[in-house]
Amino acid sequence: MIGFTRYVASWALVFTLALAIVDSAHSESRWSKETQRLFASLAIQDAGRVKPLETYASVELLQLNGRRSLKDTNGQSLSPMEWFLDCLFLPDEAKKYKSFLVENPDVMAMLSLTSEKDRDRFSYNDLVPARMTLFQLASQYASIPDKERTTAQGQILNLAHNVTDFEALTGFLHFAQHPIPVPASPIFAEIFGEKTDVRLSEILTQSPALQQALVKANSAGGTGTAELRTFLTSIDAAIRDADVLSIIPPAAASEDKEWLSPATFAEAAFTQQKPDAVQVSVVTALETLATSKQGSAEFAGGAAELHRTTVELAKARGEYRTIPLELIYYKADLFWYSLYLFVLSFVLVAISWMVPKNKLVGALLVPAVLIPTCLLVCGVALRCIIRSRPPVTTLYETILFITAVAVIVALFMEYADRRRVALSLASILGTLGVFLANKYEVIERGDTMPSMVAVLDTNFWLSTHVTTVTMGYAAGLLASAIAHVYVISAALGLKRKDPGYYQSLTRMTYGVMCFGLLFATVGTVLGGIWANNSWGRFWGWDPKENGALMIVLWLLIVLHARIAGFIRDYGVILGAICCGMIVAFSWFGVNLLGVGLHSYGFTSGIATALKTFYAIESAMLLVAAAIAIWRPIPLVDSNTTAHNKTAESAG
Amino acid sequence: MFSMSSIIRTPLRLAGSYWVTVITLFFLLVLTFLGTLEQVEHGLFVTQQKYFNSLFLLHQFGDTPIVLPLPGVYLLLIVLGVNLLCGALIRLPRAWSHAGVWISHLGILVLLAGGFVTYKSSVDGHLTFYENETSDEFLSYNDWEIAISEVGDSKARIIPGASFSQLPPGKSTTFQAADLPFTLTISEFAPNATPSPAKDGARSVDGMMLKQLDRDPEQERNVAGAYVTVRDTASGAEHEGILWGMARAPFEAHVGDKAWTIALQKRRWKLPFNVRLDKFTRELYPGTNTPKAFSSDVTVTEGETVQKYLISMNKPLRYREYTLFQASWGPQNARPNDPLYSSLAVVRNPADQWPLYACIIITVGLLFHFGLRLNSYLRQQRERRT
């Protein structure tokens, strides 16, 4: 058996090393590491917050492609930043990549796209013949209310949105690649000399002179006005697509909070006294980059200049503070490694079931679960620092936090119980939780650190109500997980000669349910107090509030029924399984109803997962009922009854 | 023969039994679940009235004719409160180790009592105004009333909505007052209606009829309407009219030599102070239309006292027995530089802070109790291992 252990452990090690090598041995890219680093660490304002360009590129690619990487025409894997740089500087290449995920055969049929699969990826060039149809359909479906749209209609809208974003991105540097023609007129000769065309940066520098010329022309009875207007129209045409990336921070002294794109900067330049020279140099750097060959010294200089100017401006405004940390967060990919190590820990746990007395496996078990738990906690902590927020502000974060709490509580139980049951559960729950979080991120395809709606903009209530109520959720799910171990063990006839095993499981379930009651009750009441401070009522029977109340009520029912002796140990176990189902309803189910004030938590991509969960849990309840009827279970009640008897005798 | 003590103790034991606790909690759970699902189709207001504010109800399963009689949440909470009190009387604490249980149950009682006081005596509505406007009253979100005033007299006689809003179809109700020279008959009250040109056979007033509309799940979107008949007490002459909640001008009736206005309006309450909106600020996340924060700078004037306050999300103004919250703003389709209004929720609730006290009590109780239990569990586990 020891030989088998070593065999599995060796393969796990080889697998780990191979993964690390594959990860690091990225085949040669057309973009140097330095270029990628400079662009990745640029700051951009998007959806109300300042974030690294790497984050923006990553979310954009995820939205289009359903994952954070794609293959180029040579089959080489591209990172989000490489893809993004291709879109900006080599748009014709980027249009050939299969970057648009179409997940529905009906959508393919509507757009006359051919594929042997039901779910496939297409390049922009593949979509061009269907472009008109796509936008016509999207315009038609946009007027249908969300709830009434079919899946295909929803996906047509998403695809149209993605195509628009892609076109905006690939056309972003059009202004920098094509100089603007200067009409032959003495007015322009005075400003630009003998030049027949000029770059946007030159126009921006000369914008006060152009404004003066316009005023002068108007006062001179219109002489030259037509030429000036023609020129201004040419500028508008050139900057039409330059609106998608707001990468120019406002001047340090400015009170404006809105960052500028080259387009908005150009518009603002004609209404200001004189454009800020540092901001103009950002545009100059973009022009240098757009007109030089990638890999050349000129391109490298442009990238360095773009980075220096924008970062300096952002730093002067104190808006670059969290960018390096966010880059580290995404580069470190702690949740991915956490998942990977949780899976490995589960393999080790499975081995420990087969060789329960093996000391090496026993010694490795705790660190094997502790390390991914620490990575998970570090990831959550990093997010808190980056956002200056408590750990739970979005549904995505609830998954991470609930997983972390469930695993930590399970580890604590293992510390008390030492039967490796809680440790095994910690490993399984860690794996499932982090996997679910990663999956959820892909389903949602958005920035996981969005701006907060006004009512949530309070760290006090987020750190009290939201944190406590989600700890209640975590406890409910953990209790349910322990109950599953009980039922499965009983179904398989495990540990039949060890009644202490089942007593221990019941005690743990009972204890975790008590823990859950404390946090769910306090969290729910705190939520009411928050609502009383925000909306003027403690309780409004909102679906999310009701979901939390249902958890509290169910825990009260089970615990009171146990105290009164209406149910015994096995009743608590069944109650815990039901508790898990109620937590799932409260956590995700109510969000699918699409009503209520907690509209910041709506999500529609999880219905199938939830249905699957309920199907499995219903089957589990049937198995549990069958066990109660047909299979003798070691029904030695745990000493949770000691307290109950005392409570009853008190009456 | 029953002893006096057993005559008292038996019903107490029954009312305070765990059976009552568990069954009541179970029904509360079922009602909460059904009431949550019901909101999808019928909206919050109707569901709340039917499931949560009621003594009994009939739950219908989808579109099927199957109905299930159920106790309402209001009744269940009363039963739970009685059960808690009786349970406390028959299970008086004997050991300090149970102190946590008693403390947490006391917290639940405070919470239930707070809910009862709120339900019975709180008043809530909204005060909506533009910058530089002043108001000393707030309006109900849902309740209607009829205001009768003599033209030129600011004093209005009020008929509360409860007197006419539950009228069954085809029924009418008549009001009279000693100082009014007429009686007012209200009929065909519709919770959601709109005036429209009269159709053949329909009841019409000056070529218009009141068209009944389906009730909107969003209660605030419903606009009520009713027919009224003003009957001159002296001459017996009658004037018919249509009242509608969004009417630009009230219905006017001439009785004798005087003119009277009759209006269907949202119920309103007077504040014992004036509130002036000095400035409304809406901050958006840069480059988006997502509100980051909104707040109202207000001046509260009461007699000679003038004070300035800032009301923002999560930071209400508590003044005397009233609390003013930053609830919303509008118009939602306003263009840049359009004037915006601020809507403050106004609540008078004697039990406003009771949930906070309950929360503290429950937390202390549960922490104490479960802390003891955890300690005992850990001790047992240590003993088991040694």
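The values are calculated or read from the model by the stated rules, or taken from the named source; none is laboratory data. All figures in this text were calculated on a predicted structure; none of them were measured in a lab. Quick reminder, even Gly has a Cβ in these numbers, built from the backbone with ideal geometry, and neighbours come from all protein chains shown.
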Within the range B:232-243, the count of residues that are in contact (Cβ under 8 Å) with a residue 40 or more places away in the chain, in contact with a strand residue (DSSP E or B) (Cβ under 8 Å, 6 or more places away or on another chain) and either of a type in the set (S, T, N, Q) or more than 12 Å from B:Ala147 (Cα to Cα) (or both) comes to 3
Of all residues in the range B:104-121, which are within 13 Å of another protein chain (Cβ to nearest Cβ) and buried (at least 17 other Cβ atoms within 10 Å of the Cβ)?
B:Ser104, B:His105, B:Gly107, B:Ile108, B:Val110, B:Leu111, B:Leu112, B:Gly114, B:Gly115, B:Thr118
Might you let me know whether the range B:308-325 holds any residue that is under 20 Å from the mean Cα position of the chain (by Cα), among the basic types (Lys, Arg) and more than 25 Å from A:Asn459 (Cβ to Cβ)?
no
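Would you say B:Leu76 is assigned to a strand (DSSP E or B) and either more than 10 Å from chain A (Cβ to nearest Cβ) or within 18 Å of the chain's Cα centre (by Cα) (or both)?
Numbers: assigned to a strand (DSSP E or B): no; either more than 10 Å from chain A (Cβ to nearest Cβ) or within 18 Å of the chain's Cα centre (by Cα) (or both): yes.
When the stated conditions are applied, B:Leu76 does not pass them.
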Over the range A:273-313, the set of residues without any contact (Cβ under 8 Å) to a residue 24 or more places away in the chain and at positive phi is none
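Check the range A:529-538 and report whether any residue there is of a type in the set (S, T, N, Q), within 28 Å of A:Leu456 (Cα to Cα) and at pLDDT 95 or above.
Within the range A:529-538, the first condition is being of a type in the set (S, T, N, Q), and the residues that meet it are A:532-534.
Still in the list and also within 28 Å of A:Leu456 (Cα to Cα): A:532-534.
In the following step, the residues that additionally are at pLDDT 95 or above were identified as none.
Within the range A:529-538, none of the residues are of a type in the set (S, T, N, Q), within 28 Å of A:Leu456 (Cα to Cα) and at pLDDT 95 or above.
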Just give me the residues in the range A:519-558 being on the phi < 0 side of the Ramachandran plot, in contact with a Phe, Trp or Tyr (Cβ under 8 Å, 6 or more places away or on another chain) and not in a helix (DSSP H, G or I), in sequence order.
A:Trp535
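On the given criteria, is A:Ala561 at the interface with chain B (Cβ under 9 Å from one of its Cβ atoms), touching a helix residue (DSSP H, G or I) at 6+ places or on another chain (Cβ under 8 Å), farther than 27 Å from B:Asn349 by Cβ and not in a loop (DSSP other than H, G, I, E, B)?
Details: at the interface with chain B (Cβ under 9 Å from one of its Cβ atoms): yes; touching a helix residue (DSSP H, G or I) at 6+ places or on another chain (Cβ under 8 Å): yes; farther than 27 Å from B:Asn349 by Cβ: yes; not in a loop (DSSP other than H, G, I, E, B): yes.
The answer is yes for A:Ala561.
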Residues in the range B:18-41 that are buried (at least 16 other Cβ atoms within 10 Å of the Cβ), more than 8 Å from chain A (Cβ to nearest Cβ) and touching a residue at least 24 places away in the same chain (Cβ under 8 Å): how many?
6
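For the range B:46-62, name all the residues that are within 10 Å of chain A (Cβ to nearest Cβ) and surrounded by fewer than 21 Cβ atoms within 10 Å (Cβ to Cβ). Spell out the reasoning first.
Let us first name the residues in the range B:46-62 that are within 10 Å of chain A (Cβ to nearest Cβ), namely B:47-48, B:51-53.
Result: B:Gln48, B:Asn53.
Out of the range A:411-439, which residues are part of a helix (DSSP H, G or I), within 14 Å of chain B (Cβ to nearest Cβ) and not acidic (Asp, Glu)?
First pass over the range A:411-439, keeping only residues part of a helix (DSSP H, G or I): A:411-417, A:421-439.
After this cut, where a residue has to be within 14 Å of chain B (Cβ to nearest Cβ) as well, the list is A:412-417, A:421-422.
Once the filter is applied, which keeps residues that are part of a helix (DSSP H, G or I), within 14 Å of chain B (Cβ to nearest Cβ) and not acidic (Asp, Glu), the range A:411-439 yields A:Phe412, A:Met413, A:Tyr415, A:Ala416, A:Val421, A:Ala422.
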Just give me the residues in the range B:355-386 being in contact (Cβ under 8 Å) with a residue 40 or more places away in the chain, more than 8 Å from chain A (Cβ to nearest Cβ) and either surrounded by 21 or more Cβ atoms within 10 Å (Cβ to Cβ) or not in a helix (DSSP H, G or I) (or both), in sequence order.
B:Gly365, B:His369
Going through (1) modelled with pLDDT under 95; (2) surrounded by 23 or more Cβ atoms within 10 Å (Cβ to Cβ); (3) closer than 30 Å to A:Tyr330 by Cα one by one, A:Ala490 fails only at (3)
Per the filter on the range B:249-290, residues modelled with pLDDT of 90 or more, in a loop (DSSP other than H, G, I, E, B) and either out of contact with any strand residue (DSSP E or B) (no Cβ under 9 Å at 6 or more places or on another chain) or away from every other protein chain (no Cβ under 14 Å) (or both) are B:Ala249, B:Pro250
Take B:Pro11 and tell me if it is more than 14 Å from chain A (Cβ to nearest Cβ) and modelled with pLDDT under 95.
yes
Would you please list the contacts, defined by Cβ atoms under 7 Å and residues six or more apart or on different chains, that run from a residue in the range A:489-504 that is over 20 Å from A:Met620 (Cα atoms) to a residue that is of a type outside the set (A, V, I, L, M) and part of a helix (DSSP H, G or I)?
A:Ser504/A:Asp417
